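Scroll down for the structure; my scribbles are underneath it.
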Amino acid sequence: MKIAVFLPELLRHLFKKPATVDYPFKKLEVPKDFRGTPYLNPEMCIACRACERDCPAEAIEISSVNEAEKRFRMVIHNDRCIHCAQCVDSCPTTPKAMQMDSLFEIACDDRHKLKTDWVYVRAVLKPKAAAPAAAPQAAEPKT
């Protein structure tokens, strides 16, 4: 082949910016809706086990440590997690006890290092203020 065929293409790309990023040296910004690794906010968790029930990868385990003290243990297996955020969607607390962070560099040499473990005391939700009841009406006398 003749070099003249490639010359226009070569000149076109010679003055363009590189299409790749110098990744390990320049960190990438995570998109707004990125689903990273799930984590627990233990102060908000009521141990309803909705996240455990709805996890399609069975990556969440909740067990009772001491029922009298309302202490629970939650284990999140990040080696099984598919980062679908179903646990966050299923959490009934406001603000959510389950959250997703923006970490994406979680690789390690042993899958057991990916396990995160929390022991916490179950939070007690404050009841919502009920609407004031209507004042009882006086019974009308029957005639």
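How many of the residues making up region 1-49 are assigned to a loop (DSSP other than H, G, I, E, B) and either out of contact with any Asp or Glu (no Cβ under 7 Å at 6 or more places or on another chain) or more than 30 Å from Gln86 (Cβ to Cβ) (or both)?
33
Which members of region 55-73 meet the condition of being loosely packed, with under 12 Cβ neighbours inside 10 Å and in a loop (DSSP other than H, G, I, E, B)?
Pro56, Glu58, Glu67, Ala68, Glu69
Does Thr37 count as surrounded by 14 or more Cβ atoms within 10 Å (Cβ to Cβ), of a type in the set (S, T, N, Q) and under 15 Å from the mean Cα position of the chain (by Cα)?
Yes; evaluated as a whole, the condition is true for this residue.
Quick one: in region 80-122, of everything that is in a loop (DSSP other than H, G, I, E, B), basic (Lys, Arg) and modelled with pLDDT of 90 or more, which residue is nearest to the chain's Cα centre (by Cα)?
Applying the filter and picking the extreme gives Lys96.
Using the structure shown, decide if Glu52 is modelled with pLDDT of 95 or more, touching an Asp or Glu at 6+ places or on another chain (Cβ under 8 Å) and either part of a strand (DSSP E or B) or among the basic types (Lys, Arg) (or both).
It is false that Glu52 is modelled with pLDDT of 95 or more, touching an Asp or Glu at 6+ places or on another chain (Cβ under 8 Å) and either part of a strand (DSSP E or B) or among the basic types (Lys, Arg) (or both).
Out of (1) more than 22 Å from the chain's Cα centre (by Cα); (2) farther than 22 Å from Pro95 by Cα, what's the single condition that is false for Lys70?
(2)
The values are calculated or read from the model by the stated rules, or taken from the named source; none is laboratory data. As the structure is a prediction and not an experimental result, all values here were calculated from the model. Heads up, the Cβs are rebuilt from the backbone with ideal geometry, glycines too, and the neighbour counts pull from every protein chain shown.
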